[in-house]
Amino acid sequence: MQQEIELLSDGGLQSENGQATRGGFVDSNSGDEDLMDAYSRAVIAAAEKVSPSVVFIEVQQPVRSRRGNAPRMPQETRGSGSGFIFTPDGFVLTNSHVIHAAKKIEVTLSDGGKYQADLIGDDPDTDLAVIRINAPNLVPASLGQAQKIRVGQLVVAIGNPYGFQYSVTAGVVSALGRSLRSQSGRLMDDVIQTDAALNPGNSGGPLVNSRGEVIGVNTAMILPAQGICFATSIDTAKFVASRLIRDGKVSRSYIGLAGQNVPLPRRIVRYYDLAVGSGILVVSFEGNSPARNAGVREGDIIVGFDDHTTAGIDDLHKLLSGDSIGHKSSLVVIRGTQKLRLEVVPEESQRTDK
């Protein structure tokens with residue numbers, strides 16, 4: 001049966017199933033336009049839901065300068081970044097590097113209201129910080145779950161790049177489970193990689209999914225590259241934020257030694273049936289350190305801690321959590337050709353970079 005058609009106002013044709021046709025062929029551009037409209041609607045909906053929770057953060061940080069032989073004179077520098085409200089009573093999540101050592105913190109809300117903020121705590125090891133403002137009618141962002149994130153899904157980043165307030169960029173999740181070195185030297189795990197454009201000033205802003213749920217905290221970009229940006233997982237952020245609100249810090253343990261990653265002799269690996277081919281060569285100790293008191297010597301190679309293998313310094317950092325503070329732990333070392341198991345009692349790490 002001949003298909004009925006009717007003339008469109010733009011000179012095209014429409015089949016009875018509603019698809020646009022030209023010269024007897026289906027116009028595929030119609031489907032592309034529908035897809036683009038759906039993409040736009042998703043980005044708009046996510047941005048509109050989260051934007052009231054996003055804040056602009058301005059800080060004053062002290063710096064010291066020296067001119068010739070003159071003594072250092074205290075000065076101040078201004079910086080800025082982003083953050084987002086995550087509780088109705090004014091707790092704001094941002095990056096540690098945005099507010100670290102700040103003398104004064106000022107927060108601007110989406111409605112233009114400005115408020116002084118108090119520092120609750122910051123954790124340079126995960127580049128996260130919590131500040132608090134006292135303001136009425138705050139709109140907290142909805143927090144999502146990192147386990148539900150999938151590579152390729154749509155994400156939206158909201159922040160204040162270069163001081164341009166409440167800018168929106170969109171992209172996809174490029175990869176999951178990345179590791180990124182923090183400014184403190186520790187390795188941050190479970191980092192989200194995205195191609196949603198980030199620029200200086202976006203730091204601390206939310207990375208959200210199409211439902212407007214925060215799934216990450218924007219933290220860094222690789223400057224020479226394009227489309228390679230990173231966000232701290234929201235699951236990590238939830239844990240760190242809860243500890244900062246409760247204690248003002250995230251407790252971690254240390255054993256007080258300096259080391260470097262080295263390969264193990266193959267014969268040692270085979271003889272002791274080790275699960276790793278490398279370890280941590282002990283180079284030096286802090287004064288009265290737990291490791292020195294445990295009998296560790298310079299030249300020892302650490303290959304295990306508390307029944308976990310340690311192929312390198314990053315492995316040991318992950319195991320030195322707050323749960324280890326004050327508790328006897330086993331330290332497996334290779335000394336010459338001997339494999340020794342020592343008992344060490346980690347102490348709480350005290351930050352000296354404040």
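The values are calculated or read from the model by the stated rules, or taken from the named source; none is laboratory data. In this text, all values refer to a predicted model and were calculated from it rather than measured experimentally. Please note: Cβ atoms are built from the backbone with ideal geometry, for glycine as well, and neighbour counts cover all protein chains shown. Side chains included, ligands, DNA and RNA excluded: accessible areas come from the protein's heavy atoms. Shrake-Rupley method; radii C 1.70, N 1.55, O 1.52, S 1.80 Å.
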(request) Run residue 354 past the list (1) at pLDDT below 90; (2) open to solvent by 30 Å² or more (accessible area, probe 1.4 Å); (3) under 16 Å from residue 253 (Cβ atoms) and report the number of the one that doesn't hold. (result) (3)
(request) Mind counting the residues in the range 168-189 that are free of Cβ contacts under 8 Å to residues at least 12 places away in the same chain and touching a Pro at 6+ places or on another chain (Cβ under 8 Å)? (result) 0
(request) Report those strands (runs of 3 or more DSSP E) wholly inside the range 68-148 carrying at least 3 residues which are open to solvent by 20 Å² or more (accessible area, probe 1.4 Å) and modelled with pLDDT of 90 or more. (result) 114-116, 118-123
(request) Kindly indicate whether residue 159 is over 20 Å from residue 56 (Cβ atoms) and open to solvent by less than 20 Å² (accessible area, probe 1.4 Å). (result) no
(request) Could you pull out the residue among 226, 260 that is at pLDDT 90 or above and either of a type in the set (A, V, I, L, M) or open to solvent by 40 Å² or more (accessible area, probe 1.4 Å) (or both)? (result) 260
(request) Look at residue 200 and say whether it is in contact with a strand residue (DSSP E or B) (Cβ under 9 Å, 6 or more places away or on another chain), surrounded by fewer than 22 Cβ atoms within 10 Å (Cβ to Cβ), modelled with pLDDT under 85 and in a loop (DSSP other than H, G, I, E, B). (result) yes
(message) Quick check on this structure: which one of 296, 332 is crowded, with 18+ Cβ neighbours inside 10 Å, in a strand (DSSP E or B) and in contact (Cβ under 8 Å) with a residue 12 or more places away in the chain?
(response) 332
(request) Can you give me the number of residues within the range 264-292 that are surrounded by fewer than 16 Cβ atoms within 10 Å (Cβ to Cβ) and not in a loop (DSSP other than H, G, I, E, B)? (result) 6
(request) Go through the range 172-192 and give me each residue that's touching a Gly at 6+ places or on another chain (Cβ under 9 Å) and either open to solvent by 10 Å² or more (accessible area, probe 1.4 Å) or at positive phi (or both). (result) 172, 174, 189, 190
(message) Quick check on this structure: which one of 158, 215, 133 is more than 24 Å from residue 38 (Cα to Cα) and of a type outside the set (Lys, Arg)?
(response) 133
(message) Here are the criteria: (1) free of Cβ contacts under 8 Å to residues at least 40 places away in the same chain; (2) open to solvent by 50 Å² or more (accessible area, probe 1.4 Å). Tell me which single one residue 254 does not satisfy.
(response) (1)
